[in-house]
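So the structure is just underneath, and the comments pick up after that.
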Amino acid sequence: MTEGKIVSWLKAAGDKINKGESIVVVESDKADMDVETFYDGFLGGIVVPDGESAAVGEPIAYIAETEAELEEAKTKAGGGGGSAPAPAAAAPPPEPEPAAAP
């Protein structure tokens, strides 16, 4: 498996989560799997929304250990609205230099 598709989030940003609790359903090339959290805390922000895919090893959400850390987790996730911020536009290529006269 090189990537997984998020079928659905079972928890929303800001929800309290407990170790061992399923928080998201991920579709692989063979099956849909419930993914459990390894930590107690709060689902701080979702990076990869329902229907989107992520490579194995990439973050799909951020977890905050305490309510005080929720804002930081939401910021890391791009505001916690479910999608990552759009990448900044690339700078236009430089104009070519005029050739020197012989």
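The values are calculated or read from the model by the stated rules, or taken from the named source; none is laboratory data. Keep in mind that what you see is a predicted model, and the values were worked out from it rather than measured. So basically every Cβ, Gly included, is an ideal-geometry build from the backbone, and we count neighbours across all protein chains shown. Areas reflect the complete protein model, heavy atoms only, side chains present, ligands, DNA and RNA absent. Shrake-Rupley method; radii C 1.70, N 1.55, O 1.52, S 1.80 Å.
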Query raised in the report: Using 12 Å as the cut-off for backbone N distance, which residues of the range 43-69 belong to the label zone defined by a point 7 Å from the Cα of Thr75 along Cα→Cβ?
Result: 69
Report task. Please calculate the 1.4 Å probe accessible area of Val35, with all protein chains present, and give it to the nearest 10 Å². Result -> 60
Report summary line: Once Thr2 and Lys30 are pulled to full extension, the length gained, defined as 0.36 nm per residue separation minus their Cα-Cα distance, is 8.9 nm
Requested in this report: Using only protein heavy atoms and a 1.4 Å probe, report how much of Lys5 is accessible, in Å² to the nearest 10.
Outcome: 80
**Report entry** Accessible area of Asp32 in the full protein assembly, 1.4 Å probe (Å², nearest 10)
**Finding:** 90
Query raised in the report: Which three lengths, in whole Å and largest first, does the range 22-69 cover when its Cα atoms are put on their principal axes?
Result: 38, 17, 17
